[in-house]
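A.B. asks: Structure in structure tokens, see below.
The values are calculated or read from the model by the stated rules, or taken from the named source; none is laboratory data. A quick note: this is a predicted structure, and the numbers were derived from the prediction, not measured. Note: ideal-geometry Cβ built from the backbone for every residue, glycine included; neighbour counts use all protein chains shown. All accessible areas refer to the heavy atoms of the entire protein, side chains included, with ligands and DNA or RNA removed. Shrake-Rupley method; radii C 1.70, N 1.55, O 1.52, S 1.80 Å.
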Amino acid sequence: MSKIIFGDNLPILQGMISNSVDLVYIDPPFNTGKDRTLKRIKTVQSKEGDRIGFQGNTYKTLELTSKSYQDSFDFEINGDVPEDLITAYGLLAPQSSLYFLEVFLRPRLVEAKRILKSNGSLYFHIDYREVHYCKILLDNIFGRECFMNEIIWAYDFGGRARSKWPAKHDSILFYVKDPNNYIFNPNQIDREEYMAPGLVGKKKAKRGKLPTDTWFPKYVGKKEPDVWWQTIVPTNSKERTGYPTQKPRQLLDRIIQASTHKNDIVLDFFAGSGTSGRSAQQLGRKFVLIDNNRTSMEIMATRFADAQDIEWVNFDPKPFQINRLEDTNLRNRLEANLSPEIDPEFRKLASTGSYLQGELEEINDLWKDSPFEWVLQLSPRKRGKLGRELLMAWFANEGVKFSRAGESGETLVLDKYRFAIKFSTPWNGVAYKFQQIRLSDYNYLICFGLSPFAAHCWIFDKDYAIKNAQTQHKAEKGGEFWLTIDPNEVPEWAKTSGGSLNNALSVLKGVIDSKKGRAK
């Protein structure tokens, strides 16, 4: 049976049996020197409001809930720092860090090592402020030979510092009790499902694809990396509990799958919102969660309202679970009644859609890690504008400056000659299709293609371009045309008209020089 214990973790740890847990994951306070608080607020219209908003009305802000914990350790140290650590950090660490490390963390980590089984592991989650001192402390307790990895959890949120590089990662120090005998299951680590499993075969579909760290296996080899790109828990996520420093379940899933087996015991004595326990429960492990923050216990009571096999110590969860259970039962009944029956014909359509989706995903995968991946999200009109702006800027850097013809700027002018620009990304990951080429008032056509990691450009006389184009739309004034150019197999008629940006620049200069020569 799993346990959730309310109280000071040190005496609780001291009372636990040696060699009794398989994995310790802790996310202790980071010693930021602040109280970490998450508030839920609501803005309402009020005559006594302190701010002016829509239509000149006054508004005030109401605080709905506030959840916090202390994250500062500015206390006096009773006793000396161990002699063997004086040169390591005693002369460098501030007083608050010394208290945090020696008085607060050391006795708890000593107990954690004692409680771990001989093949157990510890994952210590901290940030950049104290990670280097903490590694020295852990090396001293576990032994440097027991240090396996510093895992970097990189995320996409946080402050936007203007005076230094903004901090966008945490560190997770991975230690084992015995470097010659510990659990590590690379084949059990989380893998993502293929969106179109029918296209990859049953074996690959069953195994799934590597997680979001796609750059590592692509360039280094199929090993799990120690840099984990994983977003925080989104504000509107169902996973969100309201705890100030809640960690995402996917992060804990990866750790628990890698370093435990089914029915093993996971210990977290800075439990917070209980993510480690929730992950352990869902993965078929047992857990012991400890925290001395009543807010944490209330959140965990709600979070584990549907669990029957948990022993609660020093805390009664029932007052915080009744409403949650009623809401869950009601939601289940509603979902059962409202689940739509899927039309067989729609299933056939969805089957075809799955195939097409696979094709599109394969194409989009080509753009991963490209600095222009975001271009795929733009509308055709915005892509056209982007193409013009990029090309004008590139040519300007090379000393060739276009001007815009008219307010729309869709046609550019250079030395009184008019240039229409058409922009394309590869269709089906292969060839460019430059569309909506019209017989309007311009002299030359510039075709600018942007691939994930390359750019291509061709410059044609308008009549020559139309001669080699296909009809797109017919109309009284000649209609519209398109040109198809595969940059890997350039057609003969386009080979002397550019290709690379530098070749296109040479073609452009040749065109202008020839026109000037005729004028003379």
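A.B. asks: One residue is enough: does the stretch 502-509 have a residue meeting the conditions outside any helix (DSSP H, G or I), surrounded by fewer than 19 Cβ atoms within 10 Å (Cβ to Cβ) and not β-branched (Val, Ile, Thr)?
C.D. replies: No, every residue in the stretch 502-509 fails to be outside any helix (DSSP H, G or I), surrounded by fewer than 19 Cβ atoms within 10 Å (Cβ to Cβ) and not β-branched (Val, Ile, Thr).
A.B. asks: Another question, if that's okay. Got a sec? Which of Ile459, Ile446, Ile466, Ile485 is farther than 17 Å from Gly499 by Cα and among the aliphatic types (A, V, I, L, M)?
C.D. replies: Among Ile459, Ile446, Ile466, Ile485, only Ile466 is farther than 17 Å from Gly499 by Cα and among the aliphatic types (A, V, I, L, M).
A.B. asks: Let me ask something else about it. For the stretch 452-478, which residues satisfy the criterion of being within 27 Å of Trp367 (Cα to Cα) and at pLDDT below 90?
C.D. replies: Pro452, Phe453, Ala454
A.B. asks: Collect the residues in the stretch 154-168 that are hydrophobic (A, V, I, L, M, F, W, C) and at pLDDT below 75, keeping them in residue-number order.
C.D. replies: Phe157, Ala161
A.B. asks: Also: Looking only at residues that are of a type in the set (Ser, Thr, Tyr) and part of a strand (DSSP E or B) in the stretch 116-140, which one is surrounded by the fewest Cβ atoms within 10 Å (Cβ to Cβ)?
C.D. replies: Ser118
A.B. asks: Same structure, new question: Filtering the stretch 393-434 down to residues that are out of contact with any Lys or Arg (no Cβ under 8 Å at 6 or more places or on another chain) and part of a helix (DSSP H, G or I), which residue is most open to solvent (accessible area, probe 1.4 Å)?
C.D. replies: Here the answer is Asn397.
A.B. asks: Could you grab me the full set of residues in the stretch 356-382 that are outside any loop (DSSP other than H, G, I, E, B), modelled with pLDDT of 80 or more and open to solvent by less than 60 Å² (accessible area, probe 1.4 Å)?
C.D. replies: If the condition is that a residue be outside any loop (DSSP other than H, G, I, E, B), modelled with pLDDT of 80 or more and open to solvent by less than 60 Å² (accessible area, probe 1.4 Å), then Val375, Leu376 are the ones that fit.
A.B. asks: So Arg438 clears everything in (1) at pLDDT below 90; (2) out of contact with any strand residue (DSSP E or B) (no Cβ under 8 Å at 6 or more places or on another chain); (3) of a type in the set (D, E, K, R) except one condition, right? Which one?
C.D. replies: All conditions pass for Arg438, except number (2).
A.B. asks: Of all residues in the stretch 282-302, count the ones that are open to solvent by less than 20 Å² (accessible area, probe 1.4 Å) and either in contact with an Asp or Glu (Cβ under 6 Å, 6 or more places away or on another chain) or assigned to a helix (DSSP H, G or I) (or both).
C.D. replies: 6
A.B. asks: Can you name every residue in the stretch 169-212 that is of a type outside the set (Asp, Glu), at pLDDT 80 or above and assigned to a loop (DSSP other than H, G, I, E, B)?
C.D. replies: Correct list: Lys177, Pro179, Asn180, Asn181, Tyr182, Ile183, Phe184, Asn185.
A.B. asks: Name the pairs: first residue in the stretch 382-404 and in contact (Cβ under 8 Å) with a residue 12 or more places away in the chain and among the β-branched types (Val, Ile, Thr), second residue part of a strand (DSSP E or B) and open to solvent by less than 50 Å² (accessible area, probe 1.4 Å), Cβ to Cβ under 9 Å, at least 6 apart or on different chains?
C.D. replies: Val400/Leu414
A.B. asks: Would a scan of the stretch 222-232 turn up a residue that is modelled with pLDDT of 60 or more and crowded, with 20+ Cβ neighbours inside 10 Å?
C.D. replies: Checked against the condition, which is being modelled with pLDDT of 60 or more and crowded, with 20+ Cβ neighbours inside 10 Å, the stretch 222-232 yields at least one hit.
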